[in-house]
Amino acid sequence: MNVRDIDFSEDFLVYATPAGIVEYDFQNSNFKTISFDDGISFGKIKKIHIDSTGNYWITSSNKIQIWSTESTSLIQEFDLDIQDITDILNINNAVYISAKIDEVWGLIEFIILEKKIYFRDFYGRNDIDLISKISYHNNTFYILTDKEIISGNPYQEHITYWDNPFNKVFDRIIDFSNTETSTILLTENAIIDYKVDGSTKTLLDSFPESEKIKKFILSKSKIYAISDSTVLSIQNNKAERIFSDNALTLNQIFKNGENIWIATDFGLAAYIDEEFRSHLFNQPFIGNPHIVHLNDLGDLMLANNKGISVEGWSNYSSIPLPKKIDSKLSIEPLDISFGDEILKSIYVNNTLFLGMSNSTYAGAVSLNFNQSKFTLDNIFLPMPSKINDSLSYGIVDMFLDQEKNLWSSTTNESYPVSVFSNSQARHFQQNEAKTSTIKSSGPIAIDNYGRIWMVSNSGLLMYTFSGSALNPSSENWFNDLVIPGINRKVLSIAVSKKNKLWILTDYGLIYKELRASDEEPVVKTGPISSGNNIVPYFSNIPFDESSSIKLDSFDNIWITTKSRGLYVLDSKGDYWPSVDGINIDNSKLLSNT
């Protein structure tokens, strides 16, 4: 839903979101999406541009792909070792992209010839630290840099010799727009009309209090501008707030004919006939999920700290909703605070359990799901931590045992483990094991014999008990080193059907074969090389606290990461598809997160 950029054809507009692009026929209110399923090759899309032949130029921060509307397919890709891309412009049969290559900012030039596209040149300039916008007017390029606007024509002189045509303006320029008689400049403090003859006129000499204008467009005798959450109308040296919503982030503003279109983090919007309008379709509200599940009907369930989306689509928001929402979007408020991040989830018997970090509401919640509706079932309160004079709850890992007790690893250092049963709780102190200290914010798991595994400051702990989890009649603790003789940090643990305790460390992935004996539960630690040394799987991958082990129904091991994609070890101990894993560069994975 986060619209990053918009461009226009005669009959429709097309906008870019991180996961794909959307064609919107605004005459008939029809939407069409173009995504990985249709053939585009990468996500994290930032810019969209329609060239003179109708092709879509789609860019991320470092790649370019070109989509043909004629063949409805991807026709070309360019990977020129680009470090960043900020704007796109076409002039007749040429396309220019402002980009950073080898630490140098400049313009990439492409030529369109007989429906084929060729890279021609890169015009770079070493004294520029950023190009944020490019424009072409009266046979002249205008480039907005971090310092000033420079202008020139690459066919007449190299970009190195271009200079600043607006040298009477000394404040930093944020945005600009060319007209036939002048260039309108938005600075940090004012809006200035800079005439062709060099004279200047101030159109707005001060901004409304607390408003930081970042983009503007010209429409007849008015200027329309946006700050992060406000649309302003500017005329006769006065700025009027015509729409404001703190629940929205306004990314860009565009003019097409008489209509004003706005890219927001809550979809496409427009300001038409003096009214702010939302233009949405039946779509998921959650675009970057922390967790993904299939419900009992086989529908996708996506959740993050903003809310939940259920394939269909039904959406539930835990954050304030915008004032204006298109009725085509099914969304309702969910009066729950999910904290900074959802770290763990369980879905069983139409109930979704969510463990959260840094939440003032709870450490975890359970939600009943019935007829596409979520209702709060229970909240789980571990011992809180005090952060900046306020109480915060956190559950980083959890599981349900056979008695439906919810075991959790918490962020509280003094009480690092909590178990919940029938709305009651027991909180384990860090020295509960006597001989070892339980580590907070560590992984926790249950093996096939009903024993609880957790992390200590020196290795692993196994906990067994008889009777009630809240008030056991007896209990025992077992200590084990992760790798004998080597101190390794445990990042995630999981137990396979074949009684292997899989352990992800900062050194790689290892396992411990388990047996029923509570006194000696570990048969051996592996994998073991021919030299009788433990040699972890994925030993060259820098896993960290954000990495996690997932076991599928076939005992294949999937390792998630924060920024490197997925790594898979199949049930036979072979890498799949290779030791390099699956990421956005070697697959159609939407994100490496």
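The values are calculated or read from the model by the stated rules, or taken from the named source; none is laboratory data. None of the values given here were measured: they were computed from a predicted structure. Using ideal geometry, Cβ is built from the backbone for each residue, glycine included, and neighbour counts are taken over all protein chains shown.
Just checking, which of S440, S492, S517 is small (G, A, S), part of a loop (DSSP other than H, G, I, E, B) and within 35 Å of the chain's Cα centre (by Cα)?
On the way: S492 fails: part of a loop (DSSP other than H, G, I, E, B); S517 fails: within 35 Å of the chain's Cα centre (by Cα).
Criteria check complete, one pass: S440.
Yes or no, residue by residue, for (1) surrounded by 20 or more Cβ atoms within 10 Å (Cβ to Cβ); (2) more than 26 Å from L130 (Cβ to Cβ); (3) at pLDDT below 95; (4) in contact with a strand residue (DSSP E or B) (Cβ under 8 Å, 6 or more places away or on another chain):
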site: K168; (1), (2), (3), (4): no, no, yes, yes
site: E188; (1), (2), (3), (4): no, no, yes, yes
site: I192; (1), (2), (3), (4): yes, no, no, yes
site: S244; (1), (2), (3), (4): no, yes, no, yes
site: N259; (1), (2), (3), (4): no, yes, yes, yes
site: A263; (1), (2), (3), (4): yes, no, no, yes
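Considering only residues of region 444-461 that are under 17 Å from Y415 (Cβ atoms) and not hydrophobic (A, V, I, L, M, F, W, C), which is surrounded by the fewest Cβ atoms within 10 Å (Cβ to Cβ)? Write out each step before concluding.
Going residue by residue through region 444-461, those that are under 17 Å from Y415 (Cβ atoms) are 444, 452, 454-457, 461.
Checking the rest, the ones that are also not hydrophobic (A, V, I, L, M, F, W, C) come to 456-457.
Numbers: S456: 22, N457: 13.
Among them, the one singled out is N457.
Go through region 66-96 and count every residue that is free of Cβ contacts under 8 Å to residues at least 40 places away in the same chain, among the β-branched types (V, I, T) and closer than 26 Å to I159 by Cβ.
Looking only at that region, the number is 2.
When you check Y224 against the structure, is it closer than 22 Å to L329 by Cα, outside any loop (DSSP other than H, G, I, E, B), touching a residue at least 40 places away in the same chain (Cβ under 8 Å) and not charged (D, E, K, R), yes or no? Steps first, please.
Working: closer than 22 Å to L329 by Cα: no; outside any loop (DSSP other than H, G, I, E, B): yes; touching a residue at least 40 places away in the same chain (Cβ under 8 Å): yes; not charged (D, E, K, R): yes.
Answer is no for this residue.
Which residue, of I346, I336, I308, is at pLDDT 95 or above, more than 28 Å from Y15 (Cβ to Cβ) and β-branched (V, I, T)? Even if it seems obvious, please write down each step before you answer.
Details: I336 fails: at pLDDT 95 or above; I308 fails: more than 28 Å from Y15 (Cβ to Cβ).
Result of the check over I346, I336, I308: I346.
Consider region 539-562. How many of its residues are surrounded by 13 or more Cβ atoms within 10 Å (Cβ to Cβ) and without any contact (Cβ under 8 Å) to a residue 24 or more places away in the chain?
4
Condition test on A269, is it in contact with a Ser or Thr (Cβ under 6 Å, 6 or more places away or on another chain), within 30 Å of V310 (Cα to Cα) and in a strand (DSSP E or B)? Steps first, answer last, please.
Details: in contact with a Ser or Thr (Cβ under 6 Å, 6 or more places away or on another chain): yes; within 30 Å of V310 (Cα to Cα): yes; in a strand (DSSP E or B): yes.
Against the criterion (in contact with a Ser or Thr (Cβ under 6 Å, 6 or more places away or on another chain), within 30 Å of V310 (Cα to Cα) and in a strand (DSSP E or B)), A269 qualifies.
Can E10 be described as more than 18 Å from the chain's Cα centre (by Cα) and exposed (fewer than 15 other Cβ atoms within 10 Å of the Cβ)? Can you show your working first?
On the way: more than 18 Å from the chain's Cα centre (by Cα): yes; exposed (fewer than 15 other Cβ atoms within 10 Å of the Cβ): yes.
Criteria met by E10.
Restricted to region 227-245, and to residues that are without any contact (Cβ under 8 Å) to a residue 12 or more places away in the chain and not in a loop (DSSP other than H, G, I, E, B), which residue is farthest from W261 (Cα to Cα)? Walk me through how you get there before you give the answer.
Applying the first criterion (without any contact (Cβ under 8 Å) to a residue 12 or more places away in the chain) to region 227-245 yields 233, 236, 240.
Subsequent filtering for residues that are not in a loop (DSSP other than H, G, I, E, B) retains 233, 240.
Values: S233: 14, E240: 18 Å.
Across region 227-245, the extreme among qualifying residues is E240.
Checking the condition in contact with a Gly (Cβ under 7 Å, 6 or more places away or on another chain) and either over 17 Å from M454 (Cβ atoms) or outside any loop (DSSP other than H, G, I, E, B) (or both), which residue from S546, S473 passes?
Result: S473 is the single residue among S546, S473 that is in contact with a Gly (Cβ under 7 Å, 6 or more places away or on another chain) and either over 17 Å from M454 (Cβ atoms) or outside any loop (DSSP other than H, G, I, E, B) (or both).
Going through S418, S466, S456 one at a time, which residue ends up being in contact (Cβ under 8 Å) with a residue 24 or more places away in the chain and of a type outside the set (V, I, T)?
On the way: S466 fails: in contact (Cβ under 8 Å) with a residue 24 or more places away in the chain; S456 fails: in contact (Cβ under 8 Å) with a residue 24 or more places away in the chain.
When all the criteria are applied, what remains is S418.
State all residues of region 13-42 that are among the small types (G, A, S) and surrounded by fewer than 19 Cβ atoms within 10 Å (Cβ to Cβ); if no residue qualifies, say none.
So in region 13-42, the residues among the small types (G, A, S) come out as 16, 19-20, 29, 35, 39, 41.
Matches in region 13-42: G20, S29, S35, G39, S41.
Is region 315-330 home to any residue that is part of a loop (DSSP other than H, G, I, E, B) and β-branched (V, I, T)? Show your work before the answer.
Restricting attention to region 315-330, the residues satisfying the condition of being part of a loop (DSSP other than H, G, I, E, B) are 318-330.
Still in the list and also β-branched (V, I, T): 319, 325.
There is at least one residue in region 315-330 that is part of a loop (DSSP other than H, G, I, E, B) and β-branched (V, I, T).
Answer yes or no: is there a residue in region 374-395 that is in contact with a His (Cβ under 7 Å, 6 or more places away or on another chain), farther than 30 Å from I262 by Cβ and either of a type in the set (G, A, S) or surrounded by 15 or more Cβ atoms within 10 Å (Cβ to Cβ) (or both).
In the first step, residues of region 374-395 are kept if they are in contact with a His (Cβ under 7 Å, 6 or more places away or on another chain); the result is 382-383.
With farther than 30 Å from I262 by Cβ added as a condition, the list becomes 382-383.
Still in the running and either of a type in the set (G, A, S) or surrounded by 15 or more Cβ atoms within 10 Å (Cβ to Cβ) (or both): 382-383.
Looking through region 374-395, at least one residue is in contact with a His (Cβ under 7 Å, 6 or more places away or on another chain), farther than 30 Å from I262 by Cβ and either of a type in the set (G, A, S) or surrounded by 15 or more Cβ atoms within 10 Å (Cβ to Cβ) (or both).
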